[in-house]
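Reviewing the structure listed below.
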Amino acid sequence: MANLKKLGVDTATAKSKIAAIEKKAARIPESRVYAQRERLTKELNWIVRDLAMQNPLLDFDEILFVKRAPTLFPHISDQYYGWFSRGGGGIYILSGFKGNNPQLRCITEGWPEGNFLRPDLSYDGTKVLFAWCRFYPDVAEVKDKTDRDALPEDSFYHLYEMNLDGTDVRQLTRGHYNDFDGRYLPNNDIVFMSTRKGIALQADQDSAAATCSATLPESYVRCGGDLKRPVPVFTLHRMAPDGSAIRAISAFENFEWTPAVNTDGQVIYARWDYIDRFNGHFMSLWSTRPDGMNSQLIYGNFTVRPQCVFEARPIPGSQKMVFTATAHHSITGGSLVLLDRAQGTEFDAPITRITPEVCFPETEGSPNSYYAGPWPLSEEHFLVSWSDRTLPIHAYMKLGDERNPPNASGIYLYDAFGNLNLLHRDPEISSETPMPVKARPRPFLLADSVDWDAPKQGAYLLQDVYQGMEELARGTVERLRVVGVLPKVQPFMNQPVLSVSAEDTGKVVLGTVPVEVDGSAHFLAPSGMPLFFQALDGDGMAVRTMRTLTYVQPGQTLSCVGCHEARDSAPVAHVPVIAARRMPSPITPEADGSWPLRYDVLVQPVLDASCVQCHQPGYENVQAAAVDLTPAKSYDTLINYADKDLHKLAFEKDRSEVGDCPSRKSKLMALLTVEGGHAGVVLDEESQARLKLWMDTYAHRQGAFSDEQEQALLALRETAPWLSNK
């Protein structure tokens, strides 16, 4: 009431009504307390609702939302595949919601039975952008969904646009891909999520254009799936208002979710950042320019609770955002949170729980109710969908399974003081993603600067590698290693076995570039390829390794301050940067077997030349013979040496600390490089470099997911303009 009074609402009548109820409550006989209290509580709730409907922030008369049944497979990724959709519902407009006689109309009347998903309104409030797929009851049971041409094309989510009265329907995307979560950009282009990234080594305009005329292979998540439940990756794409000029604006290797356009023109979205680390927690919040340049973390690179930072939206008149803290293994739903980015990028300091009665799902428990789809009117008032059910469990469900009811959610007006006022609820099917029907300000228009016709390369400028690694003596780092991360080409977990984890990142070691004496580096790199870097000392050992990814667009130079420096650090403007005074360095490839990455080509030749003579079955020294380094056994022998020492060092970790790198800490490396050699064998410099490279890139058997991917990598090496073959 105090909050509404500040907004200009006359609360005097409500106050007097509440005072009257208090007097009635005081006079209730003991024998009738329960029945009378229940009646008076209902009266009080109506007073609160009538007061809430006077909120001047409700400066609109209609609300757009969807009715839909949630997915048959509750999971943050599977919920967006048309093959697990359920039928029913449509796009609706609720009017008269502030009074006692609300009206409802469906603007998709006559559409075939299907599933509508997460609409957006044009900035002038006249058009609606949405995803839809047709419902086929038998598609969920298809045993091989990777044969996408065998499935109906309209069983995949595609993007459509129409007028707000349901006329002039236009289909914007086609093909056997899932396209959804379309959002209008300030120039009327559309950013959206799509599985079109596929297995291209460089994601860009060309790779996306190829999907418009053919059903190309998709890339898949690393941590699960099979033919019946493939889990193809979807990432940020962009297209013109008429659906033309589709291009991949993200080169990220893994999933991205729930885009929105911030008031500053940036696209905010979530991404699943588990690069050589645990897969469970790191669905963090990021931003990018609408042309795909300069992707940056907003919140949650190390934060475990909440697990997923989804559905972030800017709050009008505020620098804060609201998001839904949701679960990994369920549908999107959970607790509402305010994010104040000015207070930091990690943990509890930047966040305020708006709905503290709802725990963070999965990391704190299983809540008895959940929120989703918040549309902020201010920092205190929100349109939301709310469910009085628990989040459904992670499992494939048949139609009619009550563990994932089709009618879980309704549309409400919620405020940060705990009031939840019903606006609409259908007893048969869920109502979700409400938004006001009105014009809204266009965000700031950021100019596009990507030249999609330029050569497929960009550059990186690092000011000072020691920023963020202050404990290192200057002069320690002499080169940076550039490692490309590859798309997974088939849906089965740990097939082929790449390394020691069941969800290893595919890798190609592109090579190294020089670091100047002041810690700066300036170098070319492929555009549209996800990359991470390793800082190398003078002995070629890794000092620190990224556990996230970066990428550049054609013609872009992306700069950073240091190596794991604080996210809000600014460059030191008065310090000259040596590397910036010259042209960018090309990447110099490393040893054979690093591109493509293969243990049998990179490491086994070292063993064959220096070790196998003694370490093979039948050798006269029984102790040496027991350490089998022949090609069939050597990988397992090395990885399990000294109580699986290298296995432990190469296994996924959530953080990358200075000096915590496999070759530097390896007992095997210490044995092989002891002064005087091991058993009189002294490895030459090249042999040591091969072993260090293998260990520091996490001891892979191979880096590619297929023979075909290796051939594509070899072809790329032959044509790469950013590569030095010296």
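The values are calculated or read from the model by the stated rules, or taken from the named source; none is laboratory data. All of these numbers come straight from a predicted model, not from anything done at the bench. In this analysis, Cβ positions are derived from the backbone assuming ideal geometry, glycine residues included, and neighbour counts consider all displayed protein chains. These accessible areas exclude ligands, DNA and RNA; they are computed on the full protein's heavy atoms, side chains included. Shrake-Rupley method; radii C 1.70, N 1.55, O 1.52, S 1.80 Å.
So here's what we get for this one:
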| quantity | calculated |
| --- | --- |
| Percent accessible area from carbon and sulfur atoms, the range 419-522, protein chains only, probe 1.4 Å | 56 |
| Probe 1.4 Å, all protein chains present, accessible-area order of T263, T332, T215, largest first | T263, T215, T332 |
| For the range 624-726, convex hull of alpha carbons as volume per residue, Å³ | 163 |
| Reference-scaled alpha-carbon Rg (2.2 N^0.38 Å with N residues) for the range 456-524 | 1.49 |
| Vicinal HN-Hα couplings computed from phi for the range 345-350 (Karplus, 6.51 cos²θ - 1.76 cosθ + 1.60; Hz; Gly/Pro x) | 10, 9, 6, 8, 4, x |
| Accessible surface, the chain, averaged per residue in Å² (probe 1.4 Å) | 39 |
| Using alpha-carbon coordinates, inclination of helix 641-650 to the longest axis of the chain, degrees | 50 |
| Efficiency of FRET from Cβ geometry, N188 and K6, R₀ 51 Å, rounded to 0.05 | 0.90 |
| Label-point separation in nm, N101 to L714, each point 7 Å along Cα→Cβ | 7.7 |
| Approximate spin-label separation S559-F278, in nm, with each point projected 7 Å along Cα-to-Cβ | 3.7 |
| Ratio Rg/Rh, restricted to the range 1-111 and using Cα atoms, in which Rh is the Kirkwood radius | 1.16 |
| Kirkwood-based Rg to Rh ratio, the chain, C-alpha trace | 1.03 |
| Estimated FRET transfer efficiency (A210, Q171; beta-carbon r; R0 30 Å; 0.05) | 0.95 |
| For H678, distant residues with modelled amide H under 5 Å away | L683 |
| Estimated FRET transfer efficiency when R0 is 45 angstrom, pair V622-N494 (beta carbons, to 0.05) | 0.85 |
| Contour excess over end-to-end distance, with Cα ends at I21 and D348 and 0.36 nm allotted per residue | 113.7 nm |
| Per-residue SASA entry for W595, accessible area with 1.4 Å probe, Å² rounded to 10 | 10 |
| Using alpha carbons only: equivalent-ellipsoid semi-axes of the range 217-303, gyration tensor based, whole Å | 23, 19, 9 |
| Rounded to whole Hz, the Karplus (6.51, -1.76, 1.60) HN-Hα couplings of the range 678-683, x for glycine and proline | 9, 6, x, 9, 9, 6 |
| Count of Lys pairs (Cα-Cα under 21 Å; at least 8 positions apart or interchain) in the range 1-98 | 16 |
| Share, in percent, of DSSP beta bridges within the chain that are antiparallel, nearest 5 | 95 |
| Helix 707-719 axis, angle to the chain major axis (alpha carbon atoms, nearest 10°) | 70 |
| Convex hull volume of the range 126-207 per residue (C-alpha atoms, cubic angstrom) | 113 |
| Simple label model, 7 Å out from Cα along Cβ direction - L297 to A642, nm | 3.0 |
| Orientation-averaged projected area, Cα convex hull of the range 283-366 (nm²) | 5.9 |
